[in-house]
2 protein chains.
Amino acid sequence: MQDLILRRGLMLVLSSPSGAGKTSISRALLESDDALTLSISSTTRARRPGEVEGKDYHFISESEFKTRINDGYFLEHAHVFDHYYGTPRHLVEDTLRSGKDVLFDIDWQGTQQLAAAARTDLVSIFILPPSIAELEKRLLNRAQDTADVVANRMAKSADEMSHYPEYDYVIVNSDLSRSVQAVQAILTAERLRRTRQLGLTDFVKGLRAGV
Amino acid sequence: MQDLILRRGLMLVLSSPSGAGKTSISRALLESDDALTLSISSTTRARRPGEVEGKDYHFISESEFKTRINDGYFLEHAHVFDHYYGTPRHLVEDTLRSGKDVLFDIDWQGTQQLAAAARTDLVSIFILPPSIAELEKRLLNRAQDTADVVANRMAKSADEMSHYPEYDYVIVNSDLSRSVQAVQAILTAERLRRTRQLGLTDFVKGLRAGV
């Protein structure tokens, strides 16, 4: 019934320090929810083993990236760990208009830009680790990162966490399946927001007319 | 984990035209959620068969009600169908401070007053019937209401529904269990709002200090 009421999609942002579990949560969400698609970022960083062009990222050169910034191609872009990351605008806008939602796995810089560009479409969630010891353990378990990278990311974690007050919701990820359920509840709730249900005016007009 | 972070309770308001299913939803919510308690209103209307003083309502006289209005005893009060209804303030405030939530089964007049008194604590949901035919059927099935009362309520339904744009969320109640799940998702989400999690500042301070 409610599915028949026209709605505008939303932009669901998940941010967290590296290792807090954001990527696992995103993967589980995308598998369980057909109305949610991942925003694929463009980046200038090198492709890692196993990553696929157009699935994990659009890999482009730095000069191409800078040209696109000037063309207004990106909804947001950021410079992190010496590389550029950006969100192509047209795919997001088409998806929202069709009543589907877009998931963003981006940091606080990107989130600030999305908020400036489209605040009413944005739902932002910050994922915290249960403890610093747990965060370090998760980063050490990542085979592809060197010890230097781990140390660098631990140092950045404290800075990243200082931005949690800019987010709508905060989840402490001590258990993956509970955290996934929490994000699913937020998604269910935000889809029921009156302001996103564009078809309500007509629906209630019909009810009041005795349909 | 998240349960250990101090939070402020919220006021969950359900409103709807009579017969849209609000009372069944409220009952199911209260049974499934220990952190949610029903706000018991004071009223000047006559007790119906089966109603219990202090459980369904606090039944008081009109003169006593008016005295309490002047004393600021009520968080909100309204005059509906020739009777007064009001919410005692102290119980609500104690519950919110203890980190529990209060459910309100009130109309748009009461909701407007709650919004004026405590907007940041308020989460408001409007329940719509799937059709007018369904609404009439549900009202006719209520044994205790006379045909006159049903006709009167049908007339008031259209007016009540005109207030849906004042609510945060809107649910079309075509299936009771789906509607209950929808309200539970909203409750789960709103409890995860950063602004309600008063203990987050200390928790993140601990994380950043390396605890």
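Based on what the data block shows, is A:THR37 in a strand (DSSP E or B), in contact (Cβ under 8 Å) with a residue 24 or more places away in the chain, among the hydroxyl-bearing types (Ser, Thr, Tyr) and buried (at least 18 other Cβ atoms within 10 Å of the Cβ)?
Considered against the rule, which asks whether it is in a strand (DSSP E or B), in contact (Cβ under 8 Å) with a residue 24 or more places away in the chain, among the hydroxyl-bearing types (Ser, Thr, Tyr) and buried (at least 18 other Cβ atoms within 10 Å of the Cβ), A:THR37 comes out as no.
The combined condition, being within 30 Å of B:ARG208 (Cα to Cα), surrounded by 16 or more Cβ atoms within 10 Å (Cβ to Cβ) and away from chain B (no Cβ under 14 Å), is fulfilled by A:GLY86.
Of the residues making up region A:119-130, those that are within 11 Å of A:PHE104 (Cβ to Cβ) and aliphatic (A, V, I, L, M) are A:LEU122, A:VAL123, A:ILE125. Answer yes or no: is there a residue in region A:110-124 that is within 12 Å of chain B (Cβ to nearest Cβ), modelled with pLDDT of 95 or more and at negative phi. Scanning region A:110-124, I find at least one residue that is within 12 Å of chain B (Cβ to nearest Cβ), modelled with pLDDT of 95 or more and at negative phi, so the answer is yes. Exactly one residue among B:THR120, B:THR111 is buried (at least 19 other Cβ atoms within 10 Å of the Cβ) and touching a helix residue (DSSP H, G or I) at 6+ places or on another chain (Cβ under 9 Å), and that residue is B:THR111.
Could you check region A:165-177 and list, in sequence order, the residues that are more than 17 Å from the chain's Cα centre (by Cα) and facing another protein chain (nearest Cβ under 8 Å)? Correct list: A:SER174, A:ASP175.
Working carefully through the options B:ALA78, B:ALA151, find the one that is surrounded by fewer than 17 Cβ atoms within 10 Å (Cβ to Cβ), among the aliphatic types (A, V, I, L, M) and either in contact with a Phe, Trp or Tyr (Cβ under 9 Å, 6 or more places away or on another chain) or under 27 Å from B:SER174 (Cβ atoms) (or both).
Step by step, each of B:ALA78, B:ALA151 is checked, and only B:ALA151 is surrounded by fewer than 17 Cβ atoms within 10 Å (Cβ to Cβ), among the aliphatic types (A, V, I, L, M) and either in contact with a Phe, Trp or Tyr (Cβ under 9 Å, 6 or more places away or on another chain) or under 27 Å from B:SER174 (Cβ atoms) (or both).
Taking A:SER26 as the residue in question, decide whether it is outside any strand (DSSP E or B) and closer than 14 Å to A:PHE104 by Cα.
Considered against the rule, which asks whether it is outside any strand (DSSP E or B) and closer than 14 Å to A:PHE104 by Cα, A:SER26 comes out as yes.
From the list A:LEU200, A:LEU140, A:LEU192, A:LEU207, the lone residue that is of a type outside the set (Phe, Trp, Tyr) and more than 7 Å from chain B (Cβ to nearest Cβ) is A:LEU140.
Do you know which of the residues in region B:166-181 that are of a type in the set (Gly, Ala, Ser) and surrounded by fewer than 23 Cβ atoms within 10 Å (Cβ to Cβ) is farthest from B:ARG7 (Cα to Cα)? Applying the filter and picking the extreme gives B:SER174. Kindly establish whether B:GLU51 is more than 14 Å from chain A (Cβ to nearest Cβ) and outside any strand (DSSP E or B). So B:GLU51 passes the test.
Examine region A:131-139 for a residue that is under 18 Å from A:VAL172 (Cβ atoms) and at pLDDT 85 or above, and state whether such a residue exists. Break it down stepwise before answering.
From region A:131-139, those under 18 Å from A:VAL172 (Cβ atoms) are A:131-139; that's our starting set.
So of that shortlist, the ones also at pLDDT 85 or above come out as A:131.
Yes: region A:131-139 contains one or more residues that are under 18 Å from A:VAL172 (Cβ atoms) and at pLDDT 85 or above.
The values are calculated or read from the model by the stated rules, or taken from the named source; none is laboratory data. Note that the coordinates shown come from a computational prediction; the quantities given were computed from them, not determined experimentally. For neighbour counting, all protein chains shown are included, and Cβ atoms are generated from backbone atoms with ideal geometry for every residue, glycine included.
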